C-alpha cells in the first residue's frame, strides 16, 4: 500500500491546480463559519432571553459547524473528480497497468485520496470549531455533541464517493463536475421534497439527505416538527450502507470496464 501512496504523491505533488483547489476548500470552511458566527452572535445578543446557548458556543458549536459545512462538501468533491478523470484523460491508468499494477491497486490508490480529502475536511472543521468556540463562546470547552462531526465526516465520505463514482462512469472532468453538482443541488433536493410530501419520512433516506437529517442546525432544529423523522440510528445505518455501496460500485466499474 505504501508504494501506491508514494506513486500517487509523486503524480499529484507538482499539480498546482489541485493544491489551489484544496487550499481554497480549506480556507472557505473557517471563512464561511466566521461569517455564520458573526451573524448568529448578533442575533443572540438581541434575543438573549430566548436563546440560552449561542449556536457557536460550546457545546452546540460542534453541531452548528457540522451543519454549515455539510453544504460545502462539494469543495472537496470537485478536486476528487479531477484527480480521477485526469487518469483517463492522460491515459495514466493504462500506464499503471502496464507498469504492473493490478486494477484493484489502481482503485485502492484513488480510495487513499478519497479518505485523505475527507479526513482533511474533518480536521479543518475540528480546528475551526475550536477557534471559533473559544473566540465567540462564553462557556468552557466541551466535547459534548462532538459526535456530530463524525456524522459530518461520514457525509463527506459519501459525497466524495458519489463524486468518484460519477467520475469513473463519465471519465470527463467537466461533464462529471456538472453531473455531480446537478445531483447534489437539484436532483436529490427535488426528490427529497417530492418523497417527503407524498410518503413522509422516507424522503429523508436518500443518500446525502441522511447526513442532513443527522445534523440539523441546533436552534432551528428544535423548532421544527420531528413527526416525520426516523430514529438517528436509521439514518446512520443508511449513511454507512451508502458509503459501502459507493466503494462497491467504484470497484465493480473499474474491475469490469475495458481500458
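Of the Cα atoms belonging to the stretch 157-204, the radius of gyration and Dmax stand at 12.8, 37 Å.
Would you calculate, for the chain, the mean residue ellipticity at 222 nm contributed by helices, counting each DSSP H stretch of 4 or more residues as -39,500 (n - 2.57) and dividing by all residues, to the nearest 500? It would help to have the intermediate numbers written out before the result.
Working: 12 runs with 193 residues, N = 259.
Taking each H run of at least 4 residues, the total per residue is -24500 deg cm²/dmol.
Determine one quarter of the surface area of the Cα convex hull of the stretch 2-256, which equals its mean projected area, and express it in nm² to one decimal. Spell out each step's value before the answer.
On the way: hull surface 59.6 nm².
The directionally averaged projection comes out at 14.9 nm².
Taking 0.36 nm per residue of separation and subtracting the Cα-Cα distance, full extension of the segment from residue 196 to residue 9 would add 62.9 nm. The label point for residue 146 and the one for residue 35, both projected 7 Å from the Cα toward the Cβ, are 3.0 nm apart.
Between residue 119 and residue 46, what is the FRET efficiency for a Förster distance of 51 Å, r being their Cβ-Cβ separation, to the nearest 0.05?
On the way: r = 38 Å, r/R0 = 0.75.
Step by step, r from the Cβ atoms, then E = 0.85.
Could you tell me the convex hull volume per residue, in Å³, taken over the Cα atoms of the stretch 102-232? Let's see the in-between values first.
Numbers: hull volume 19.6 nm³, N = 131.
For the stretch 102-232, the hull spanned by Cα atoms encloses 149 Å³ per residue.
As a size descriptor, the averaged projected area of the C-alpha convex hull of the stretch 102-150 was calculated at 3.9 nm². Counting 0.36 nm for each residue step from residue 251 to residue 182 and taking away their Cα separation leaves a gain of 22.5 nm. When only Cα pairs below 8 angstrom with a gap of at least 6 residues are kept, the chain shows a relative contact order of 26 percent.
Any read-out appearing in this document is the output of simple, stated calculations on the displayed coordinates, not a laboratory observation. Computed from a predicted model, the values in this text were never measured in an experiment. Please note: Cβ atoms are built from the backbone with ideal geometry, for glycine as well, and neighbour counts cover all protein chains shown.
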